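A.B. asks: Shown below is the structure under consideration.
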Amino acid sequence: MTKLLSPIRLVLALATVFTVSGCELYFGGHGSQGDRWTYCGNDGYYVCQDNDCEWAGARCPDDPNYTCTSDQDCAAGCFCADNGTCEEAGFCDNDSQCPAGYTCDEARQSCVPDTTPPPTPCTFEQDCQNGEVCDPATSTCTATCACTSDAEAQAQGYASCNETRQTCEPTNDAGTCGGTSTCNIIAPTCPAGEVPMIKDGCYTGICNTIGTCDVAPACGAYQHENDCMGAESCTAVYTGLNCTTPTGAACTSGSANCTCTSYQYASCRDATP
């Protein structure tokens, strides 16, 4: 709705600009757009420029019952704050015209708080959601794309697909299931049925389904009891809980003939002595 003001009403409107409470607005122009100003009419709030006024909201900020639940309840140049009132942030045509921490809602030509969540910090890809990879340059999760095969990933501009995470990978070498890590990077926590991948002697942070491994994993790679028990030449190692000697004393290192109330899977090792 566009509304042209008569000279008399224009004077009155200008006078009310400085009496608006709550979200008081008066802004100079951006570039060649000229001055902008606002006023309250019987049917709501208006934003004006060069004597041409456009309806911007149903209620004026000087209404004593004025509250908001979304930015659309507020006049242009304002946003709905967490306390349910409209607050001034300024007019804009693009993000560069807004204060730090704000972006431009171009539909309303209004600066609003930036609600984009910060990137998730990560060490391994397992720290990120499916569809994201851990960017080693920033140690934050970066969105790529979803896939179920290398062909799907390559069709979207990526090198390969991590089928386990259904995530497009920027490289096509996630590592190998075999070998052992020789650097101080700890292994990622993998779900049952998967083992961590190793490249250049270090864990890559990627887990791979055991059934699709390039080579048989080392026994120490199996993080889950059933996976270890299903691997040839591997044996599961357990930790005893609440263990006591025949006299009832708590077992210590070197104690013999200990009895434990339960056992917990600890690791997997080569069954060959």
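The values are calculated or read from the model by the stated rules, or taken from the named source; none is laboratory data. Please read all numbers here as calculations on a predicted model, not as lab measurements. So basically every Cβ, Gly included, is an ideal-geometry build from the backbone, and we count neighbours across all protein chains shown.
A.B. asks: Which of (1) touching a strand residue (DSSP E or B) at 6+ places or on another chain (Cβ under 7 Å); (2) surrounded by 12 or more Cβ atoms within 10 Å (Cβ to Cβ) does T261 not meet, given it meets every other one?
C.D. replies: Condition not satisfied by T261: (2).
A.B. asks: While we're on this one: From the list C219, C251, which one is of a type in the set (A, V, I, L, M, F, W, C) and in contact (Cβ under 8 Å) with a residue 40 or more places away in the chain?
C.D. replies: After applying the criteria, what remains is C219.
A.B. asks: Could you check, for the stretch 169-180, whether at least one of its residues is at negative phi, modelled with pLDDT of 85 or more and touching a Ser or Thr at 6+ places or on another chain (Cβ under 7 Å)?
C.D. replies: Yes - at least one qualifying residue is present in the stretch 169-180.
A.B. asks: Out of the residues in the stretch 203-230 meeting the condition of being under 20 Å from F124 (Cα atoms) and hydroxyl-bearing (S, T, Y), tell me which one is farthest from the chain's Cα centre (by Cα).
C.D. replies: Top of the filtered list is Y222.
A.B. asks: Additional query: Name the pairs: first residue in the stretch 169-189 and closer than 17 Å to A151 by Cβ and without any contact (Cβ under 8 Å) to a residue 60 or more places away in the chain, second residue surrounded by 13 or more Cβ atoms within 10 Å (Cβ to Cβ) and charged (D, E, K, R), Cβ to Cβ under 6 Å, at least 6 apart or on different chains?
C.D. replies: From the stretch 169-189, no pairs qualify.
A.B. asks: Counting residues that are in contact with a His (Cβ under 6 Å, 6 or more places away or on another chain) and surrounded by fewer than 19 Cβ atoms within 10 Å (Cβ to Cβ), which strands (runs of 3 or more DSSP E) fully inside the stretch 184-257 reach at least 2?
C.D. replies: Result: empty, no element qualifies.
A.B. asks: Taking interchain pairs and intrachain pairs at least six residues apart, which have beta carbon atoms under 9 angstrom, with the first residue in the stretch 33-59 and farther than 16 Å from C92 by Cβ and the second among the charged types (D, E, K, R) and modelled with pLDDT of 70 or more?
C.D. replies: Correct list of pairs: Y46/E54; C48/E54; W55/D43; G57/D73; A58/D43; A58/D73; R59/D73.
A.B. asks: Across the stretch 167-183, what is the total count of residues that are among the β-branched types (V, I, T) and assigned to a loop (DSSP other than H, G, I, E, B)?
C.D. replies: 3
A.B. asks: Now a separate question. Quick check on my filter: what residues within the stretch 194-206 are touching a Ser or Thr at 6+ places or on another chain (Cβ under 6 Å), under 18 Å from C161 (Cβ atoms) and touching a residue at least 24 places away in the same chain (Cβ under 8 Å)?
C.D. replies: E194
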